[in-house]
């Protein structure tokens, strides 16, 4: 992800202007609610995330070391800017118990300008 991902496409939707952005949602799974809260606090305290939603009780099915496995995990939905993604990866890897934690980013293609202003002010 680059810092120059800002797109200038603006549309009006239900009376509100929405603008494509360089903001992202990062998905992170954790092995417990306690670990998820620790990671969420770290990202918000370090101003790498404006908001982290913590979704407990996610059933995951995956292939690991050649075998199919499953786990009950907690999902974090991290709202941030694309330019902060490399720092988020580093912080999460340091704090996470998994050998290979899930840390993936999805683009936010449009949204409320008021929300984006708040998000930007909460992240550095």
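Tabulated results
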{"item": "Residues of the stretch 87-120 classified as in contact (Cβ under 8 Å) with a residue 12 or more places away in the chain and out of contact with any helix residue (DSSP H, G or I) (no Cβ under 8 Å at 6 or more places or on another chain), total", "result": "16"}
{"item": "Residue check, residue 43 surrounded by 16 or more Cβ atoms within 10 Å (Cβ to Cβ), touching a helix residue (DSSP H, G or I) at 6+ places or on another chain (Cβ under 7 Å) and more than 14 Å from residue 21 (Cβ to Cβ)", "result": "yes"}
{"item": "Conditions (1) surrounded by 13 or more Cβ atoms within 10 Å (Cβ to Cβ); (2) within 11 Å of residue 25 (Cβ to Cβ); number of the one not met by residue 53", "result": "(1)"}
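FYI, it's all coordinate maths here, none of it is from the lab. This structure is a prediction, so every number in the text was calculated from the model and none was measured. Virtual Cβ from ideal backbone geometry, glycine too; neighbours counted across all protein chains shown.
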